[in-house]
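One structure is given below, encoded as structure tokens.
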Amino acid sequence: MKVGLDVGGTKTDAVAVDAEGGIAGRLRIPTGWGPDAVAQTVLDAVRALGSEAGVDLSAVRSVGVGIPGQIEPGTGRVVHAVNLGVDELDLAAAVAPALGVPVQVENDVKAAALGAHALHTRGGAPAPGSMAYLNLGTGIAAGIVSDGVLWRGARGTAGEVGHISVDPNGPLCRCGQRGCIEAFAGGGAIAERWAKRSALPVRDVFDAADAGDPSARQLRAGLARGVAAAIRVLVLTADVDIVVLGGGVTALGDRLMTDVAAELAASAEASPFMRSLHLADRVELLPPGSPAAALGAALVGAEGDATHDTQEALIHG
């Protein structure tokens, strides 16, 4: 049994995965604010799987955690997880002694990419040779999986497409550049530019655009342009078989996909080469409520458990 946690800004999604890869238990709890509270959330979530979801915690061999922010390569140290109030936290060191099993930590989007890849193979579907998971949330980022292995890159930043500028005269991005993909398509950037209080600002933008509001129509068109640009970047740089879209913005479903498909078609109209890539046919939407991020975290944790077993074998002969 392995446990995976997707630690989000408000909620933590926890799953227990059995030896066959099935979900043996799942629940969500609120996420605490600040380093100590985040570490306590991890402990509480694992314990709740036992007390509330009926998981046999004595059978758990590993825990994996997907969390926003940067993860220092080869460590369980999280830095710059601003949405959690964490500047720096050695999360693995903080929770592993209490849990008594190996703990691995990974960026949440990269963990979700592993989970999305695993889910794609269920039900007899052939495993894609390569997949990019494009997270459309407050920000924009991607994770790339090739032959079942997460591609992190030399410094762990593979897939960080949100801050690629696609228009030097475009809107100002939080990173200081203009026209970044995230400035066009990030939920946070759209909410700031819409500047109207709402629980679901991106959905409100789409509704207002349907009603003819010119500023909403501009924002909606920019979102489709940004997502399409990210898809092109991922295919042209990594030549992935499929790009799976996930994250909060994808709750728009077909309304989003229709706009993105139209943008991809328009951009390929004058280019036989781009048409030959069949980009629209290589894009899929992650089903709502998917456990991809927590499942991927469990897989990350299992990698750490395998490494631990190998080290023990070498030490003890």
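The values are calculated or read from the model by the stated rules, or taken from the named source; none is laboratory data. All figures in this text were calculated on a predicted structure; none of them were measured in a lab. Here Cβ is always computed from backbone atoms with ideal geometry, including for glycine, and neighbour counts include all displayed protein chains. These accessible areas exclude ligands, DNA and RNA; they are computed on the full protein's heavy atoms, side chains included. Shrake-Rupley method; radii C 1.70, N 1.55, O 1.52, S 1.80 Å.
Here the Karplus curve 6.51 cos²θ - 1.76 cosθ + 1.60, taken at θ = phi - 60°, turns the phi angles of the stretch 41-53 into couplings of 4, 4, 4, 5, 5, 5, 5, 5, 4, x, 7, 10, 9 Hz, with x standing for Gly and Pro.
Straight-distance candidates among the aspartates and glutamates for linking to LYS110, with alpha-carbon spacing under 13 Å and chain neighbours fewer than 8 residues away dropped: ASP6, GLU160. Averaging Cα coordinates gives a centre for the stretch 123-184 and one for the stretch 238-282; these two points are 14 Å apart.
Using Cα springs under 10 Å in a Gaussian network model of the chain, which residue among GLY66, GLY296, GLY34 shows the largest mean-square fluctuation? In this elastic network of the chain, the residue with the biggest mean-square fluctuation among GLY66, GLY296, GLY34 is GLY34.
Spacing of the modelled spin labels on LYS11 and THR75, each 7 Å from Cα toward Cβ, amounts to 3.2 nm. One Cα centroid belongs to the stretch 76-119, the other to the stretch 1-64; the line between them spans 12 Å. Bridges between two residues of the chain, per DSSP, are antiparallel at a rate of about 65%. Across the chain, the relative contact order, built from alpha-carbon pairs under 8 Å that are at least six residues apart, equals 21 percent. If R0 is taken as 25 Å, the Cβ-Cβ distance between SER198 and THR237 corresponds to a FRET efficiency of 0.10. Of the solvent-accessible surface of the chain, computed with a 1.4 Å probe and all protein chains present, 52% belongs to carbon and sulfur. Spacing of the modelled spin labels on GLU88 and ASP147, each 7 Å from Cα toward Cβ, amounts to 3.7 nm. Is the stretch 208-305 rounded, prolate or oblate when judged by the Cα gyration tensor, a ≥ b ≥ c being the square roots of its eigenvalues, rounded requiring a/c under 1.5 and prolate requiring a/b larger than b/c? Cα axes put the stretch 208-305 in the oblate bin.
Here the calculated FRET efficiency for TRP33 and ALA280, from their Cβ-Cβ distance with R0 = 45 Å, stands at 0.65, rounded to the nearest 0.05.
Using the rule -39500 (n - 2.57) for each DSSP H run of four or more residues, divided by the residues of the chain, the 222 nm mean residue ellipticity is -13000 deg cm²/dmol.
Peptides 220-226, 93-99 ranked from most to least packed, by the mean per-residue count of other Cβ atoms within 10 Å: 220-226, 93-99. Across the stretch 24-36, coupling constants 3J(HN,Hα) worked out from phi with the 6.51/-1.76/1.60 Karplus curve, θ = phi - 60°, read 8, x, 8, 7, 10, 9, x, 8, x, 10, x, x, 5 Hz, and Gly and Pro carry x. Specify which labelled value, from (i) 64, 42, 34; (ii) 71, 60, 35; (iii) 53, 50, 41, agrees with Cα extents along the principal axes in Å derived from the coordinates of the model shown. Working out Cα extents along the principal axes in Å from the coordinates points to (i).
Here's the picture: a label point sits 7 Å out from the Cα of ASP56 along the beta-carbon direction, and within the stretch 1-33 the residues with their amide nitrogen under 14 Å of it are 1-2, 17-20, 24-25. Per residue, the stretch 158-220 exposes 53 Å² of accessible surface when a 1.4 Å probe is rolled over the protein heavy atoms with every protein chain present.
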